[in-house]
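Student: Let me give you the structure first, and then I'll get to my questions.
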Amino acid sequence: MSKKPNNTNNELRLSILGMSCAGCVSAVEASLANVTGVISVNVNFADHSAIIKGSADSDLLTKAIREAGYDAAIMKSFEDPKKQEQQELQRYRLLMKKAAVAATFGVPLMLFGHLGWLPEIGSNAGQWFWPQIALLTFAILVYSGQHIYRGAMKALLLKQANMDTLIALGTGSAWIYSCIVLDYYQSLPSLSAHAYFEASVIILAFINLGAGLETRARGKTSSAIRNLIGLQPRTARVVREGIEQDIAIENVGLGETLRVRPGEKIAVDGEVIEGHSTIDESMLTGEPIPIEKTKGARVVAGTMNQKGSFLFISTRIGQDTALAQIIKSVRQAQSCKPEIAKLADKISSVFVPIVVAISALTFLIWYIFAPEPTLAYAFVTSMTVLVIACPCALGLATPISIMVAVGRAAQLGILIRNGDALQTMSKLTTIVLDKTGTITEGKPSVCYIKPLNGIDEKTALQFAASIESGSEHPLATAILAKAKTLQIKLQQVKSFKAITGLGISGEIAEQTIIFGNVALMEEQGINYDNYINDLKALSTQGQTPMLLAVNQQIKAIISVVDPLKKESINAIQQLKNLGINVLMVTGDNEITAKAVAKQAGITEIRAQVLPEDKAAVIKELQQQGERVGMVGDGINDAPALAQADVGIAIGTGTDVAIESADIVILQGSLSKVPEAISLSKATVTNIKQNLIGAFFYNTLSIPVAAGLLYPLFGVLLNPMIAGAAMAMSSFTVVSNANRLRWIKLN
């Protein structure tokens with residue numbers, strides 16, 4: 001029975017078998033895009049997978065791929081990483097075995113031929129020897145190259161061409177030409193009567209060797225995603241009707257009580273209800289220090305419990321867990337094609353037909369203008385063009401670097417949600433930082449209370465805490481925490497009103513209470529002139545002073561301080577070292593903002609900016625020609641994050657489903673922002689190296705293979721050397737991309 005998705009936003013991930021070059025990517029994307037209900041398709045050549053969004057039937061998708069000449073299987077949310085590694089190892093061993101079989105026969109045949117140890121074609125010994133060689137090499141072609149010939153045939157039936165087409169034409173024509181030589185050697189010029197059986201098998205040896213090495217290296221690029229998948233435990237210990245029992249992870253429901261023992265991985269997301277422990281969250285956040293968890297704390301699937309034991313209630317299961325969301329986002333980013341990749345895809349899709357045409361033209365030119373043996377020269381040069389020109393390296397150049405970079409970022413606690421953001425990050429000229437929770441801890445505390453006009457400190461705090469009890473602002477949390485510490489009883493509030501960016505108002509015991517900044521006092525017509533110096537003095541110390549008014553008279557100044565994060569100063573300096581302008585935007589008053597900015601090392605600020613106006617600041621900078629990155633908390637700053645060229649949500653804990661952000665810093669550390677930018681710059685450089693190398697290789701190798709150097713130096717490229725060069729070009733691209741796994745950031 002076909003599996004029908006529930007809505008148009010359904011997403012499926014398919015494993016694609018049989019893709020051999022970027023031309024295959026275009027064919028697969030086209031076949032999937034034509035299926036009814038498909039909204040978007042992203043095919044990743046680097047890990048041979050496809051992500052399809054829409055309402056298409058899964059069976060129709062796999063059928064479409066098979067009709068296009070490939071094979072596919074639906075991939076579940078959590079695969080077994082050991083099984084994946086085993087499959088990759090099996091493929092690697094098979095390719096190396098095919099390479100070894102071809103080389104074991106081809107290399108001695110080539111050496112003996114060069115040494116003159118083989119009988120002449122047409123001699124008595126040769127008439128028996130060479131037909132045996134033809135049969136033996138045919139068997140090797142079938143064993144070592146059947147996957148290539150099968151792929152070429154499928155492409156031909158679909159009126160397409162790919163890498164397999166070039167290899168099949170090159171090796172197949174070498175074998176067929178050699179057989180023709182055996183049958184018609186008497187009719188051919190003596191210099192043209194040469195067999196190329198060894199070339200056909202040695203080319204396959206190099207092709208399989210290169211593919212095997214590429215598979216091995218490509219497997220390393222997926223290690224980050226496999227590590228994340230490996231974090232998911234397969235069983236969970238639930239408490240049902242007072243009895244603890246181990247069940248499969250897929251059978252855990254919402255609201256279940258689960259037990260976590262020392263040294264165990266947490267199965268699903270939840271909230272601690274009993275006990276305490278410390279948990280290692282390093283694989284998700286990049287933070288090496290274990291986090292203490294007590295009653296009410298949130299715990300995340302895949303993290304490792306340390307010594308304590310505790311009970312927790314499951315709040316997110318299956319694909320809704322933070323770990324599942326992270327894996328999903330990483331895969332989406334790895335499959336996305338930034339602008340730099342689209343050009344390579346377009347070139348690769350038309351490259352193979354052009355190469356076939358160049359090969360045919362090369363044959364004609366040599367056949368018409370070459371010296372004797374013209375037929376041999378024409379054949380060798382055209383075959384060499386086919387073999388050396390495979391666009392594998394070109395197709396791999398971008399996706400392999402994206403895969404490594406996104407995986408490396410995930411290990412650092414940086415969740416890159418799309419490939420375009422990874423590229424755009426390298427071009428940022430300005431970073432806009434929110435203050436609270438980004439530069440500062442986001443955990444303000446009351447540091448100063450000054451009662452005025454006949455009110456005592458306790459009463460002032462009682463009024464402030466009572467009216468703030470209905471607010472969710474971070475400053476309200478600080479006021480309420482202080483009141484709780486002093487055991488102050490809160491009073492009932494009527495007519496509560498929150499005034500965005502200014503403060504709050506309400507009635508307590510038939511008295512009108514207004515609590516907020518000076519802008520609120522001005523709006524309400526309350527005179528605060530006598531306290532301007534006090535407010536200025538507190539603000540210059542980096543504190544946020546607020547005024548408490550009772551019945552239109554100022555009764556207290558309550559000041560709150562939000563300390564800088566310990567890493568903020570260093571992170572901001574690192575951003576400057578990268579040549580990026582840093583701007584702080586805050587709703588706080590200008591004096592306080594300047595004080596905080598001075599501590600953090602920021603020279604440019606925008607103060608008293610309401611949350612809804614932050615996006616306008618971003619737009620203004622963009623109109624001035626700046627490439628802007630916005631760093632905020634992902635909630636109040638959502639419009640600004642969406643407006644920015646790159647939106648970076650920071651300090652969001654396990655809430656990774658922030659649609660407005662392109663990048664999520666799981667740990668909440670500002671130091672991860674310059675790391676992300678450095679990684680972006682390194683990735684773009686790496687992609688350019690790969691693309692330039694691949695373009696240079698193909699641009700230079702094709703004319704050389706066609707015989708450009710022969711008139712000048714008498715040099716022709718051997719088809720076997722061409723096969724080795726083609727195979728190693730792909731391996732070089734993959735190896736270069738893997739350098740991103742160890743590159744030093746900052």
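The values are calculated or read from the model by the stated rules, or taken from the named source; none is laboratory data. Please read these numbers as outputs of a predicted model, since none were measured by experiment. Note: ideal-geometry Cβ built from the backbone for every residue, glycine included; neighbour counts use all protein chains shown. The protein model used for the area step is the full one, side chains on, heavy atoms only, and it has no ligands, DNA or RNA in it. Shrake-Rupley method; radii C 1.70, N 1.55, O 1.52, S 1.80 Å.
Student: Any residue in segment 152-179 that's under 21 Å from Phe206 (Cα atoms) and part of a helix (DSSP H, G or I): show its pairings with residues that are open to solvent by 10 Å² or more (accessible area, probe 1.4 Å) and among the hydroxyl-bearing types (Ser, Thr, Tyr) at Cβ separation under 6 Å, as long as the two are six or more apart or on different chains.
Tutor: Cβ pairs passing all conditions: Ala152/Thr165; Met163/Ser20; Asp164/Ser20; Ala168/Tyr149; Ala174/Tyr196; Ser178/Tyr196.
Student: When you go through (1) assigned to a helix (DSSP H, G or I); (2) surrounded by 20 or more Cβ atoms within 10 Å (Cβ to Cβ) one by one for Asp420, which number turns out not to apply?
Tutor: Just one mismatch for Asp420, condition (2).
Student: Can you tell me which residue is modelled with the lowest pLDDT among those in segment 715-736 that are open to solvent by 50 Å² or more (accessible area, probe 1.4 Å) and closer than 25 Å to Leu111 by Cα? Lay out the reasoning, then the answer.
Tutor: To start, the set of residues in segment 715-736 that are open to solvent by 50 Å² or more (accessible area, probe 1.4 Å) comprises 715-716, 718, 721, 728, 731-732.
Narrowing further to those that are closer than 25 Å to Leu111 by Cα: 715-716, 718, 721, 728.
Details: Val715: 78, Leu716: 79, Asn718: 71, Ile721: 75, Met728: 76.
Once the filter is applied, the top-ranked residue is Asn718.
Student: Continuing with the same structure: Right, Ala100: part of a helix (DSSP H, G or I) and open to solvent by less than 20 Å² (accessible area, probe 1.4 Å) or not? Break it down into steps so the answer makes sense when it comes.
Tutor: On the way: part of a helix (DSSP H, G or I): yes; open to solvent by less than 20 Å² (accessible area, probe 1.4 Å): no.
So Ala100 does not fit the description; no.
Yes/no matrix, rows are residues, columns are (1) surrounded by fewer than 18 Cβ atoms within 10 Å (Cβ to Cβ); (2) over 30 Å from Leu135 (Cβ atoms); (3) at pLDDT below 75:
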| site | (1), (2), (3) |
| --- | --- |
| Asp183 | yes, no, no |
| Ile202 | no, no, no |
| Ile207 | no, no, no |
| Pro262 | yes, yes, no |
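Student: Right, here's the next one. Where residues in segment 266-289 are open to solvent by 70 Å² or more (accessible area, probe 1.4 Å) and more than 21 Å from Glu241 (Cα to Cα), which of them is modelled with the lowest pLDDT?
Tutor: Among those residues, the one meeting the criterion is Pro288.
Student: Go through the residues of segment 467-475 one by one and say whether even a single one is polar (S, T, N, Q) and under 22 Å from Gln543 (Cβ atoms). Show your work before the answer.
Tutor: First, pick out the residues of segment 467-475 that are polar (S, T, N, Q): 469, 471.
Then keep just the ones that are under 22 Å from Gln543 (Cβ atoms); that gives 471.
Within segment 467-475, one or more residues are polar (S, T, N, Q) and under 22 Å from Gln543 (Cβ atoms).
Student: From Ile687, Ile677, Ile743, which residue is surrounded by fewer than 17 Cβ atoms within 10 Å (Cβ to Cβ) and more than 30 Å from Leu364 (Cβ to Cβ)? Walk me through it before giving the result.
Tutor: Working: Ile687 fails: surrounded by fewer than 17 Cβ atoms within 10 Å (Cβ to Cβ); Ile677 fails: surrounded by fewer than 17 Cβ atoms within 10 Å (Cβ to Cβ).
Of the residues listed, the single one that is surrounded by fewer than 17 Cβ atoms within 10 Å (Cβ to Cβ) and more than 30 Å from Leu364 (Cβ to Cβ) is Ile743.
Student: List the number of the failed condition for Thr477; all other conditions in (1) out of contact with any Phe, Trp or Tyr (no Cβ under 7 Å at 6 or more places or on another chain); (2) more than 23 Å from Thr586 (Cβ to Cβ) hold.
Tutor: So the condition that Thr477 fails would be (2).
Student: Additional query: Just a yes or no: is a residue in segment 213-231 within 29 Å of Tyr70 (Cβ to Cβ) and at pLDDT 80 or above?
Tutor: no
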